[in-house]
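**Q** So that we are looking at the same thing, I have put the structure below in structure tokens.
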Amino acid sequence: MNNRMRHAVAAIRSGLLTLRAVGLRSFLQKLGHQLYSRNVFVGTVKRLDDPIRYPSFECTVAPASPQDLAELFSKIHSESRDGRYQLLVRKWYHERGFGDCYVTKVKDTGELCGARWVVTSKHIRDMGWEARFPGLSGEDVLIENVYVLEKFRRMGVQQSSFFHIAGICRESGFTNAKGWVAEDNIPELMACRKSDWLVFEKVVERHFLFRVTRNILERYVPPVPVQIP
């Protein structure tokens with residue numbers, strides 16, 4: 001089976017799983033987004049050697065085992081409609097090698113509470129996505145695709161997992177953590193500002209007939225503080 005056929009089969013399978021998970025109305029909305037949409041994102045950066053506030057949520061973070069991943073994706077059936085879709089998206093990316101997955105567990109009980117993917121420039125090259133992430137160099141890591149199970153939301157899990165993963169990446173020789181946040185995602189932008197992330201670029205992302213392109217709107221040298229619209 002050639003690459004084009006494999007991608008087509010994967011897309012059909014993903015579409016059927018999404019339809020089953022979120023229902024027809026939400027499926028049609030997601031489909032419309034892939035057919036055409038335009039969104040603006042701000043590229044954020046934080047040096048990994050900058051002080052990071054010690055998290056209040058006690059957890060452990062480690063590379064995901066096959067058993068961890070099976071447990072994580074089995075939670076699709078217990079999350080909300082939006083949660084099911086978000087987990088399906090992360091499953092789709094993971095199966096295609098988009099980064100290394102780390103799971104977060106409650107320190108005392110070992111209960112799984114979330115996962116986060118660390119993406120390097122090598123992952124981007126392997127997927128052929130250089131045009132989508134032109135701002136990622138060899139010394140950077142993209143720490144995104146985080147998912148916190150809804151049972152553990154608003155407890156500080158996201159901040160805690162970043163604290164631990166930043167240490168792992170720093171010890172591996174990486175210098176900066178980067179991420180792209182939708183310009184209208186006010187809670188996430190506020191969290192970035194509170195944690196002293198800076199903005200190094202603004203980009204526009206277009207989806208057209210299942211293809212994604214990103215173009216730089218503005219570059220900030222040196223990076224500037226996060227602004228809340």
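**Q** Kindly provide the set of residues from the range 185-224 that are surrounded by fewer than 12 Cβ atoms within 10 Å (Cβ to Cβ) and closer than 24 Å to residue 160 by Cα, ordered by number.
**A** Selection gives 187, 194.
**Q** Turning to a different aspect of this structure: Quick one: would you say residue 72 is part of a helix (DSSP H, G or I) and either at pLDDT 90 or above or in contact with a Gly (Cβ under 9 Å, 6 or more places away or on another chain) (or both)? Don't jump to the end; show me each part of the working.
**A** Details: part of a helix (DSSP H, G or I): yes; either at pLDDT 90 or above or in contact with a Gly (Cβ under 9 Å, 6 or more places away or on another chain) (or both): yes.
In short, yes.
**Q** Still on this structure: Please verify whether the range 89-96 includes one or more residues that are under 26 Å from residue 200 (Cα atoms), assigned to a helix (DSSP H, G or I) and within 16 Å of the chain's Cα centre (by Cα).
**A** yes
**Q** Taking the conditions exactly as written (modelled with pLDDT of 75 or more and under 25 Å from residue 139 (Cβ atoms)), does residue 62 satisfy them or not?
**A** yes
**Q** Looking at this structure, is residue 147 buried (at least 16 other Cβ atoms within 10 Å of the Cβ) and either touching a strand residue (DSSP E or B) at 6+ places or on another chain (Cβ under 6 Å) or in a strand (DSSP E or B) (or both)?
**A** yes
**Q** Tell me, yes or no, whether the range 158-175 has at least one residue that is under 16 Å from the mean Cα position of the chain (by Cα), assigned to a helix (DSSP H, G or I) and of a type in the set (D, E, K, R).
**A** Scanning the range 158-175 turns up no residue that is under 16 Å from the mean Cα position of the chain (by Cα), assigned to a helix (DSSP H, G or I) and of a type in the set (D, E, K, R).
**Q** Could you tell me whether the range 21-38 includes any residue that is under 29 Å from residue 216 (Cβ atoms), of a type in the set (Ser, Thr, Tyr) and modelled with pLDDT under 80?
**A** Yes; the residues of the range 21-38 include at least one that is under 29 Å from residue 216 (Cβ atoms), of a type in the set (Ser, Thr, Tyr) and modelled with pLDDT under 80.
**Q** Can you tell me which residues in the range 107-136 are more than 16 Å from the chain's Cα centre (by Cα), over 17 Å from residue 62 (Cα atoms) and at pLDDT 85 or above?
**A** 122, 125, 126
**Q** When you go through (1) modelled with pLDDT of 80 or more; (2) more than 21 Å from the chain's Cα centre (by Cα) one by one for residue 57, which number turns out not to apply?
**A** (2)
**Q** Does at least one position in the range 195-210 carry a residue that is modelled with pLDDT of 85 or more and closer than 23 Å to residue 107 by Cα?
**A** no
The values are calculated or read from the model by the stated rules, or taken from the named source; none is laboratory data. These numbers were taken from a predicted model, which means no experiment stands behind them. Cβ: placed from backbone, ideal geometry, glycine included. Neighbour counts: every protein chain shown.
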